[in-house]
Amino acid sequence: MSGRFSGMKRSKAGARSEKLFASERQKMVRRQLKARGIRDKALLRAMKAVPRELFVPENLREFSYDDSPLPIGEAQTISQPYVVALMVEAAGLTSNSRVLEIGAGSGYCVAIMSHLAGRVYAIERDEALAEELPSRLAELGCTNIEIRAGDGSAGWVEEAPFDAIIVSAVAPHIAQPLLSQLAPDGRLIVPVARGTDNQRLMKVTRRGEDDFSEEDLGGVHFVPLIGEEAFAPAG
Ligand code: SAM
């Protein structure tokens, strides 16, 4: 990401805090990602490069590299760094990949994937969060992205097929429209609710036209996916 901040004016204090954040970021990659088995070198480089502090509200920036999700407003969260890395590693991105994220939130995961994939598509249901995404991501030099506001629970059929789809909110089931938008060998990474207080991160791989294999990547904790192919809105 060299030179991506060249357009920003930096005060001495700003440069100092940037240095501190960069050092916390290196520690986060070592202690939270490598130590837990994240191995993809390009992904680790991206996680070292993307400034998570620019995706969290200013009053919470000191917690940017904590091992946890953080609130981003509108009752939503930016995911824990490890969970972002786990999902992106499972998506198996290469520089030719076309990837879709459903539930872009702060845009952090989109920024990470923009380092690894050819093209990143992202949908965010919350209008206020979605509105902030293009300028935040452009400021970081992410040019290979396409953002849409609205319900993404049924995917983005006009842009399909995708080599990978990441759903960043918990779904009630694995939605058929998402499976049909996977390219051959495509991967769907999706947290699925299994009863109260049990969410499993599932990886579904398209082996053939109607042939899919499933792998359980472990327990997770996500906010709900709300929409047509998801949970109904509260109230
Ligand atoms: N990956 C995000 C990040 O890096 O900040 C975190 C995503 S947050 C855990 C989940 C997001 O999913 C919320 O911003 C929420 O508004 C969004 N969401 C929920 N239902 C959705 C839907 N049907 N379509 C698109 N986005 C949805």
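Any residue at all in segment 205-227 that's in a strand (DSSP E or B), under 30 Å from residue 67 (Cβ atoms), open to solvent by less than 70 Å² (accessible area, probe 1.4 Å) and among the basic types (Lys, Arg)?
No, segment 205-227 contains no residue that is in a strand (DSSP E or B), under 30 Å from residue 67 (Cβ atoms), open to solvent by less than 70 Å² (accessible area, probe 1.4 Å) and among the basic types (Lys, Arg).
Could you pull out the residue among 135, 64 that is in contact (Cβ under 8 Å) with a residue 12 or more places away in the chain, farther than 25 Å from residue 185 by Cα and more than 8 Å from the ligand (Cβ to nearest atom)? Give the steps one after another, and end with the answer.
Numbers: 135 fails: in contact (Cβ under 8 Å) with a residue 12 or more places away in the chain.
The unique qualifying residue is 64.
Inside segment 139-192, can you point out the residues that are buried (at least 22 other Cβ atoms within 10 Å of the Cβ), of a type in the set (D, E, K, R) and over 23 Å from residue 111 (Cβ atoms)?
Those that are buried (at least 22 other Cβ atoms within 10 Å of the Cβ), of a type in the set (D, E, K, R) and over 23 Å from residue 111 (Cβ atoms): none in segment 139-192.
Which of the residues that make up segment 40-61 are within 14 Å of residue 27 (Cα to Cα) and open to solvent by 70 Å² or more (accessible area, probe 1.4 Å)?
Residues satisfying the conditions are 45, 48.
Just to be sure before I move on: is residue 125 more than 8 Å from the ligand (Cβ to nearest atom) and either open to solvent by 10 Å² or more (accessible area, probe 1.4 Å) or aromatic (Phe, Trp, Tyr) (or both) in the structure I sent? Can you show your working first?
Details: more than 8 Å from the ligand (Cβ to nearest atom): no; either open to solvent by 10 Å² or more (accessible area, probe 1.4 Å) or aromatic (Phe, Trp, Tyr) (or both): yes.
So residue 125 fails the test.
Pick from 172, 191: which is in contact with a Leu (Cβ under 6 Å, 6 or more places away or on another chain) and modelled with pLDDT of 95 or more?
After applying the criteria, what remains is 191.
Got at least one residue in segment 93-102 being within 12 Å of the ligand (Cβ to nearest atom) and either within 25 Å of residue 24 (Cβ to Cβ) or open to solvent by 10 Å² or more (accessible area, probe 1.4 Å) (or both)? So that I can check it myself, show each step before the final result.
Pass one, segment 93-102, residues within 12 Å of the ligand (Cβ to nearest atom): 100-102.
If we keep only those that are either within 25 Å of residue 24 (Cβ to Cβ) or open to solvent by 10 Å² or more (accessible area, probe 1.4 Å) (or both) as well, we get 101.
Yes.
The values are calculated or read from the model by the stated rules, or taken from the named source; none is laboratory data. Because the structure is predicted, anything quoted here is derived from the model rather than measured. Positions of Cβ are backbone-derived with ideal geometry, glycine not excepted, and every protein chain shown enters the neighbour counts. Ligands, DNA and RNA are stripped out before the accessible areas are found, and what is left, the full protein with its side chains, is counted by its heavy atoms. Shrake-Rupley method; radii C 1.70, N 1.55, O 1.52, S 1.80 Å.
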